[in-house]
Each structure stands twice: as C-alpha cells, then as structure tokens.
Amino acid sequence: MKKITLASDWLEGCAGCHMSLLDMDERLVELINEGLVITATPITDLKVPAFGTDIGVLEGAVATDHHEEVAKLFRERCKILVALGDCAVFGGINTMRNYIPIEELLKRGYVNTESTVEGKIPQGPGIGKHLKKCMALNEVVKVDFYIPGCPPSADAIYKVLKDILEGKTPELKEELLKYD
Amino acid sequence: MGKVRLKIDGKEIEVEEGKTILEAAKEAGIEIPTLCYHEKLLPYGACRMCVVEAGPGALKPACATYVTDGMEVKTSTPEIQEVRMTVLQLLFGERNHYCMYCESSGNCELQDLGYKFGLDHFEFPPYEDKYPVDVSHPYILLDQNRCVLCRRCARACAELGGHFVLEVKNRGYQSLINIDLNNQFAQSSCVSCGLCVQVCPTGALVDKRASYLGRKEQAEVIKTNCDRCPVGCGIEVYRRANFILKVYGDWDSPINQGVLCKNGRYLPLYEDRPRLNAPKLKEGGIWTQISPEMAFKVISEKKGAATVFLEGSLPLELLQAFKSALGDRVFALNEVNPPIPSTATLKDLEDADTYLVVGVDLNERYGVVGSMIKRRVVPQNARLIAVEAGSLSGITDFSYEYKDIDTALGEARKGEKVVAVYSSLPEGISERLETESGFKYLFLPYEANTMALKELGIEHKVPQEKVKIYVGENISSARSPGDFIVAFTPFETPELKSVADLLIPITWYLEDEGTFITLEGKKVVRQRVVTPAEGVLTVEEISSRLLKI
Ligand code: SF4
Ligand code: SF4
Ligand code: SF4
Ligand code: SF4
C-alpha cells in the first residue's frame, strides 16, 4: 500500500480546526488504514515536517515572523499545502488587529486588562515578532487547497484528505463549503 | 404591448416588450445570479453578477438590459462564469467579509453566491481600509465594512418608503452609504421604517434587537397582519421558540407590498410596560391576586350598574363578546365616526396628482399611507398640500396652518385628482373640507379597529358613570369618590393601578388571533404567533366567561 505522509501545525489559530480534524473519529483510523501516515503535528514530539512530506496542513493566520517561518518551511518541505480553517484561508478573526497599532494592542492585552496586576508585555528571543499585518496563508506562500470554516466540519476535512489519498482534486461543495 | 422573440441559451422564447433579459430568463425558467437586483426596486446594474452575452461588445447586465427582437442571449458560458467569479472575488475582497463573526452569516446573499460559485479563498488580499460603523440608531446598525454598495437600501428608502434618507457618497472603493448629508443615523431624518434593513443583502444593515438571536433557518416565518393601526399591513413575523425575533413587511401583501412603518416593525417589540399576569383586586388600598372566577364574580355583582368602555385597538371578537354580554351599556372609549366619510381607497393614492393631508403627521402615524404619498411627492410626480401635518410640512412648499385652510383648499383645487387624507378634524375644518365636490376623501380611522366598533354599532361616549369597565391597552381614567373602576388590560402601569379597583389581564398584540377591519373595510385576521404567559386570559376565555355573568 502506498503511504501518504501528512504533517500539520497551527499558526495564529485557536486549535479548533485541529479539534475538527480529531472529530473525524473512526474515519481518521480509516484514512490511516488506507495509507495516511501522520508525522509531525502539534501533539507529537516531532514538530517539523520531513523533506518530501506529501501533505502539509496549516491552521491559523500568519501574524508573526515565527508563523511566516513555519509557513515557508511547510511550503518548502510539503508537496501539497492545505490551508485549514477560516484563519488560514482568509485571515479570519485575527485580522481585526490590523486596525489597531501593535503597541496599543499589546498594552491592552497584557497590561491594561481589567484583571491584570503589574502586567508586562512579554519579550524575548522565543517570542515571535508581530508582522505589520496579519494575513491569510496564501498571502505568504502558495496554497494548493483550501478548507474554509470556523472551524471546518470533520466531514469537509475528511472529504479533502480522502480525495487526495485517492489521487483526486478535492473540491468542497454545498454543505461542505462553509465560511463559519 | 407588443411581443418580442428572442433566444436564451438556445431556447426560443416570446415575452412582452419592455422586459429585461433577467425577467425574460426567469419566465423561461433560466436562473441568472444577482446581487444588487431586487424584485420590488428599479434596475440598477451595480454589481455585475448578472452579466450575460447579448450581442456584440461587452457583457451586459441582464437586470438592466431590455430585450429586443431577435436577441440571442447566453447566460452561462465558461467565460461568463469566470467574469462572475472575478466579480465575487472583488466583492469579497474589498471590505470585511469574514463571515465567522458576521450577524448575517447564514442569511446573506453575498455568502450564498460565494457558496454557489465554490469560492473557497480570496484571490485578492482583502480589505485594508476601515470603514465607519454607525450604532446610533435605536433599532438599526450600519456597518459599512460589510457593504457591497448595491444601493438597495437607498433605493428602497426612496422608491418604496418615500423617505429619501440614504444615498451613496464618494467614488470607487471610498464609496459610503450617506445618511442625509453626513449625518449620524440617530440625528437623521430617518423615520425608522426598517425597509433598508429588510432589503440589505448582506450584514451591512442589521436589526439590533434580532441580532445573534437566531438565523433565518432557525426561525419560523408566520404571515399575518399588523394590528397597530387601521392600515392593516401584511407582515412576516420571525418566531423562534415563543419569541418574536423581528417583523418584516410582506412583499406579497396587497395592502402594503412589503412597506412597513416604525409602529408596525419596531415599537411593539420594544414594549416595556409591565405586564399583568393575573387578576388583581384592590381592597383598602392593597392589591391582592385573585382567581379569574373571583374576578368575574365581582363583575357579575357590579353588572347592573356597570358601563363598559371599549378601546378600538381590540379584536372584533372581543368587542362582540362585550356587546353580547352587556348590550346597550357598551360604548367606545374613543371617537368612532369619521368627520367626513371615506370615498377613496388606498389604490386612489397611486395615481392622485394632489394630496391634501390635514391634521395628521403621516411620519408618526399610518406610516405606510405616508410612504404611499411621499414616494410620489418627493420626485414631484404629485403635490402635497399639508395643513397642520407635522413633519410632513418639511417635504412640501405648500404647508399651512388651520387658519389658512381656504388658501390650502384653493391650492388643492388646482389638482385634477385630489385625495384629502385626514383622521380627526377640529370643528370648522371638516365643514370647510367636505364641501369640495371634486375631492376624494380618505379617512384614517382613529384606532386599529375603529371600523369594527362602527360595524357593531358601538357609539362613543365620555365615561361619567360610577362603575366603569374599561377594556384596552392604553387605559387611563379619572376617579371620583365612590367610583368602582375595572380594567381589562395587558399592562399594569402605576397610573392605572392608582385609579383602578380590579385589573383583569388580557392578551396583547400577536398573542391572540383576532379580526380587524382595515380603513378600506377589509377584514384581516391577526394570527396568534406567540403563546401568552400563564394567567393571561385569551379572547376566547373572556368571551365564554362573559356569557355566564
Ligand atoms: S456580509 Fe455576508 S459575506 Fe460578508 S461577512 Fe457577513 S455573511 Fe459573510
Ligand atoms: S429605516 Fe426607513 S427611513 Fe430610515 S434609512 Fe432605513 S429605509 Fe430610510
Ligand atoms: S448597506 Fe446593504 S443594501 Fe445598502 S448598499 Fe450596502 S449592502 Fe447594499
Ligand atoms: S401603517 Fe399601520 S398597519 Fe402598517 S405597519 Fe404601520 S402601524 Fe402597522
């Protein structure tokens, strides 16, 4: 049986799309039985996709230099790149920050929050720096397939993965195509 | 009118001259996607979703191109579909169309098109500019970030409502909906008819109260009639569980064709007077809750001495029930008879050239009649002579006070088809008005069901008796020592409680089925849309209890 490898990661997202991925339940096992091999994901020790991974799946918008790096890495190492969920597909709710200056935004979040005492804005080499604008994945790298939805339904994710496994071009229609 | 033969997608069809390609295609069962088009509005051709191939040259908007003999139309070649997809991409990309936090998601014509065309990502980096949001209006929210500039709102406000509040300002991507001249909604000339919200295809104009309370597919839509005034407009009530989400105008109604006014669309949903949920009796200054049996026992005891005063806001069945039970001691609380009887119908408003509106502000009451007049007056298809007509005087050069009634009449007489529109008239004025032989008269009854009181032969009388039974939603009464005052009412206001002795709860608005007779004398039925709270007595319950007293 031909093995198809899949790696996934999340950028600026809420992990809801990955929850939907898990919501495929027994169909995830079915896909694995049909040859899908899940490699690097946010819950595995291996975080980085190997060169030549068949499918890269990214959730979340591109908001920091770290996200940009991960997006480019996935593009470089994966044959097919899938944008999973509204944030990766369109930019999503994260783009609301594009209309507020970054300093003001961070202050509001880390210092001026009503419940915060002596807050400070976290800084350091491990923390990504905000890009000027929060973007959809396709504004940074080329994307092959899109699964919109907030979160996308397990059915939509299943359909796309199944199609790829079967060598078909995935296409979402009717009930499977949703923007919310 | 002549016929025109043409071919659409190879299909030979014959339609009446003067139709658009879109209408012709519809007749032939061929669907063309649209966005800015609205059946009740004039063609505008702004969005270009409906482009078709029709002869040489550029693609043409089907909604704004008229059919010609021998025309050959193609509606969905791959080229056309590609153009439409690009149009959609531009529409989605220009402003904020992140559906996941939009109130209109699931009820949006732009989103529907996105789904239909399989749009699964944005081709163009979206939305760099932040557009204004106006939250100042009590009932409506305008978020220009979701606007697709279809101009439906402005067209409906003008063409259907006659209000001319909205327009589009600026050019290109900087275009914005303009309220009056750069006004905030709350300070504007908007009369809150809500038409703009009803026609907006996107989440740009939303109903504040209904927001996030449920989507269209989660609501049931019940068609019925508005009982807030004697126009009796057709309404569509959106209900979820036992809650009214919103009221829309019924496009198919022969009375109002979709148009509503503030009193019909918004006010009843914002009603905040405290509800009476059980009969209550005042003894020694203390109110105690009693059973309905007990309440009707009191009424039965007082029956011999009691006089009943009915509001004209009540359904025919309830008026009838009191009349059968108490016969000649039943009166109307308010005026019933017209100062001058009606000779006109609403249809006569459609082609009049002169409207003489006397003593009534049609922006405040009978709003849909106001729309029927304003939408012809403002584009100068007809003249308005306003005599003490409140805010209506703002749209006419012919505005008079009662003392100048003769000048006003003289001005009106210059018209060929004159309709005089009035409700109550002060003494002296009706005598002046009724002698005009060339005029048609449209009397606007005082209350929603004044016409039913009239049909039942119930006359008006000023309450003076010692034992009074009032029935209605706006009861107020004077009180003298020794009085006994009963009120059948939906509301227990402090004012009413300070004068009344016995309060009996009745249903209100869409809580009960009931017949209303409109100003044209048509019977319309107000449906029960929501179940009344426990303890509130329905028309049926009251009727059967009245039979036994
Ligand atoms: S207006 Fe329509 S397309 Fe735009 S965000 Fe709202 S639901 Fe989506
Ligand atoms: S509510 Fe009515 S009057 Fe006000 S802007 Fe909308 S359509 Fe015009
Ligand atoms: S507010 Fe709504 S109806 Fe008005 S132009 Fe914008 S999208 Fe169209
Ligand atoms: S005109 Fe009268 S019947 Fe029509 S919506 Fe307004 S209040 Fe209701």
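The values are calculated or read from the model by the stated rules, or taken from the named source; none is laboratory data. Just so we're clear, the structure is a prediction, and the values are computed from it rather than from any experiment. Using ideal geometry, Cβ is built from the backbone for each residue, glycine included, and neighbour counts are taken over all protein chains shown. Surface areas here come from the heavy atoms of the whole protein model, side chains and all, with no ligands, DNA or RNA. Shrake-Rupley method; radii C 1.70, N 1.55, O 1.52, S 1.80 Å.
Among A:42, A:148, A:122, the largest mean-square fluctuation in a Gaussian network model of chain A, built with springs joining Cα atoms closer than 10 Å, belongs to A:122.
Distances over 17 Å make up what percent of all Cα-Cα pairs in segment B:186-246?
Working: 932 of 1830 pairs.
Across segment B:186-246, Cα pairs with separations above 17 Å total 51 percent.
Positive contributions from Lys and Arg (+1) and negative ones from Asp and Glu (-1), summed over other residues with Cβ under 15 Å from the Cβ of residue B:282, come out at 0. Let me know the shape class of segment B:441-549, please: from the alpha-carbon gyration tensor, a ≥ b ≥ c as square roots of the eigenvalues, rounded when a/c is under 1.5, otherwise prolate if a/b is greater than b/c, or oblate. Verdict is oblate for segment B:441-549. The ratio of the alpha-carbon radius of gyration of segment B:242-324 to the globular-protein estimate 2.2 N^0.38 Å is 1.60.
With a cut-off of 10 Å between beta carbons, the residues surrounding residue B:311 carry a summed charge of -2, where Lys and Arg count +1 and Asp and Glu -1.
Once R0 is set to 45 Å, what does the formula 1/(1 + (r/R0)^6) return for the Cβ-Cβ distance between residue B:541 and residue B:427, expressed as a FRET efficiency to the nearest 0.05?
Values: r = 42 Å, r/R0 = 0.94.
Computed FRET efficiency for residue B:541 and residue B:427 comes out at 0.60.
Take chain A, connect every pair of alpha-carbon atoms lying under 10 Å apart with a spring to form a Gaussian network, then pick out the residue of A:77, A:97, A:108 with the largest mean-square fluctuation. Of the options given, A:108 has the highest mean-square fluctuation. Projecting the Cα atoms of B:324, B:439, B:162 onto the charge dipole of chain B, computed from C-beta unit charges around the Cα centre, puts B:324 farthest toward the positive end. 3J(HN,Hα) couplings calculated from phi for segment A:133-146 with the Karplus curve 6.51 cos²θ - 1.76 cosθ + 1.60 (θ = phi - 60°) are, in sequence order, 9, 8, 10, 6, 4, 6, 7, 10, 9, 6, 10, 8, 9, 10 Hz; Gly and Pro show x.
Taking 8 Å as the Cα distance limit and 6 or more residues as the minimum spacing, I'd like the relative contact order of chain B as a percentage. It would help to have the intermediate numbers written out before the result.
Numbers: 1103 pairs, mean separation 69.3, N = 549.
Relative CO of chain B lands at 13 percent.
Peptide A:125-138 has a mean of 1 when you count, residue by residue, the C-beta atoms of other protein chains within 10 Å of its C-beta.
Determine the shape class of segment B:21-67: with a ≥ b ≥ c the square roots of the Cα gyration tensor eigenvalues, call it rounded for a/c under 1.5, and otherwise prolate if a/b is greater than b/c, oblate otherwise. Oblate shape, in that a/c is at least 1.5 and b/c is the bigger or equal ratio. Each residue, residue B:242 and residue B:301, gets one label point 7 Å from its Cα in the Cβ direction; the gap between the two is 3.2 nm.
Averaged over B:120-132, how many beta carbons belonging to a partner chain fall within 10 Å of each residue's beta carbon? It would help to have the intermediate numbers written out before the result.
Numbers: counts 16, 12, 7, 1, 1, 6, 7, 5, 3, 1, 3, 0, 0.
Per-residue shielding by partner chains comes out at 5.
Structural descriptor for segment B:421-530: relative contact order 20 percent, calculated from alpha carbon pairs under 8 angstrom and at least 6 residues apart. Computed from the C-beta positions of residue A:23 and residue B:435 and an R0 of 45 Å, the FRET efficiency is 0.05 to the nearest 0.05. Counting only protein heavy atoms and a probe of 1.4 Å, the accessible surface of segment B:402-532 is 49% carbon and sulfur.
What dipole magnitude, in Debye to the nearest 20, does segment B:394-471 give about its Cα centre under +1 on Lys/Arg Cβ and -1 on Asp/Glu Cβ?
Working: 10 positive and 14 negative charges, 56 e Å.
Using only the charged Cβ atoms, the result is roughly 280 debye.
Each residue, residue B:288 and residue B:465, gets one label point 7 Å from its Cα in the Cβ direction; the gap between the two is 2.7 nm.
Compare the peptides B:143-149, B:443-449, A:84-90, B:476-482 by average per-residue count of other Cβ atoms within 10 angstrom and give them in order, highest first.
Details: B:143-149: 21.6, B:443-449: 24.7, A:84-90: 31.4, B:476-482: 10.1.
Going from most to least packed, we get A:84-90, B:443-449, B:143-149, B:476-482.
Shown in residue order for segment B:203-217 are the 3J(HN,Hα) couplings computed by the Karplus curve 6.51 cos²θ - 1.76 cosθ + 1.60 at θ = phi - 60°: x, 6, 10, 10, 7, 4, 5, 7, 4, 6, 9, x, 8, 3, 5 Hz (x for Gly and Pro). Only the Cβ atoms of Lys and Arg (+1) and of Asp and Glu (-1) were treated as charged; on that basis the dipole of segment B:247-312 about its Cα centre amounts to roughly 280 debye. Short-range pairs are left out: with C-alpha atoms under 8 Å and at least six residues apart, the relative contact order of chain A is 26 percent. A simple rule links phi to the HN-Hα coupling: the Karplus curve 6.51 cos²θ - 1.76 cosθ + 1.60 with θ = phi - 60°, which for segment B:224-236 gives 7, 10, 6, 10, 7, 7, x, 5, x, 4, x, 10, 10 Hz, with x for Gly and Pro. The modelled label-to-label distance for the pair residue A:113/residue B:211, using points 7 Å beyond Cα in the direction of Cβ, is 2.5 nm.
For the peptide A:149-157, the mean number of other protein chain Cβ atoms found within 10 angstrom of a residue's Cβ is 1. With a threshold of 29 Å on the Cα-Cα distance, the over-threshold entries among B:40/B:223; B:19/B:440; B:280/B:461; B:208/B:374; B:19/B:262 are B:19/B:440; B:19/B:262. Calculated [222 nm] ellipticity per residue, helices only, for the protein assembly as shown: -6500 deg cm²/dmol; basis is -39500 (n - 2.57) per DSSP H run with n ≥ 4, divided by all residues, nearest 500.
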